[in-house]
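As structure tokens, the structure follows; a few thoughts come after it.
A short reminder: the numbers here are calculations on the coordinates, not readings from a lab. A quick note: this is a predicted structure, and the numbers were derived from the prediction, not measured. FYI the Cβ positions are ideal-geometry reconstructions off the backbone, even for glycines, and counts take in every protein chain you see.
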Amino acid sequence: MVLGNFALQRGYDPARLTDWFHRCFVDGYDWVMVPNVIGMSQHADGGMLATKPYAAGGAYINRMSDFCAPCRYRPSRRTGEDACPFTAGYWWFFARNQEWLAANPRTARGVHGMRRLDDLDEVCAQEAARGDAPP
């Protein structure tokens, strides 16, 4: 979930990501990777498997895991040196895909929330400068 979320936020190529998972994980079989990566993680099947992209910010990862406690980034921060790449990346993903996401009833609320952010331009510039922007 965490790796797929990061790849979705950053705009990685779903086919290349699936290939990477195939090579890196012992259970990297087609019947596991194709639906999980293409369908669920990257929402690259046009919504056939999942009704919305599986994007999440740092607050969700913090609630659902123990990854955040030792991390130097703060899930509640979008900008600055301690801004969580997942939190900022979540809003950057929404900003880049807002037309598509606004048309989906399950993600439209997030688009409306994004439009209320007073630092969205700063968040987008910060994330684009991280060096892992989509091509």
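Could you list, in sequence order, all residues of region 1-12 that are free of Cβ contacts under 8 Å to residues at least 40 places away in the same chain and surrounded by fewer than 16 Cβ atoms within 10 Å (Cβ to Cβ)?
If the condition is that a residue be free of Cβ contacts under 8 Å to residues at least 40 places away in the same chain and surrounded by fewer than 16 Cβ atoms within 10 Å (Cβ to Cβ), then LEU3 is the only one that fits.
Which numbered condition in (1) assigned to a helix (DSSP H, G or I); (2) without any contact (Cβ under 8 Å) to a residue 40 or more places away in the chain; (3) out of contact with any His (no Cβ under 7 Å at 6 or more places or on another chain); (4) crowded, with 18+ Cβ neighbours inside 10 Å is the only one that HIS43 fails?
Unmet condition: (1).
Within region 77-135, track down each residue that is hydrophobic (A, V, I, L, M, F, W, C), touching a residue at least 40 places away in the same chain (Cβ under 8 Å), in contact with a Pro (Cβ under 9 Å, 6 or more places away or on another chain) and under 16 Å from TYR60 (Cα atoms).
PHE86, PHE93
Criterion first (touching a residue at least 12 places away in the same chain (Cβ under 8 Å), closer than 20 Å to THR107 by Cα and in a helix (DSSP H, G or I)) does ALA59 satisfy it?
Criteria met by ALA59.
On the basis of being within 20 Å of ALA7 (Cα to Cα), basic (Lys, Arg) and loosely packed, with under 14 Cβ neighbours inside 10 Å, does ARG72 make the cut?
Considered against the rule, which asks whether it is within 20 Å of ALA7 (Cα to Cα), basic (Lys, Arg) and loosely packed, with under 14 Cβ neighbours inside 10 Å, ARG72 comes out as no.
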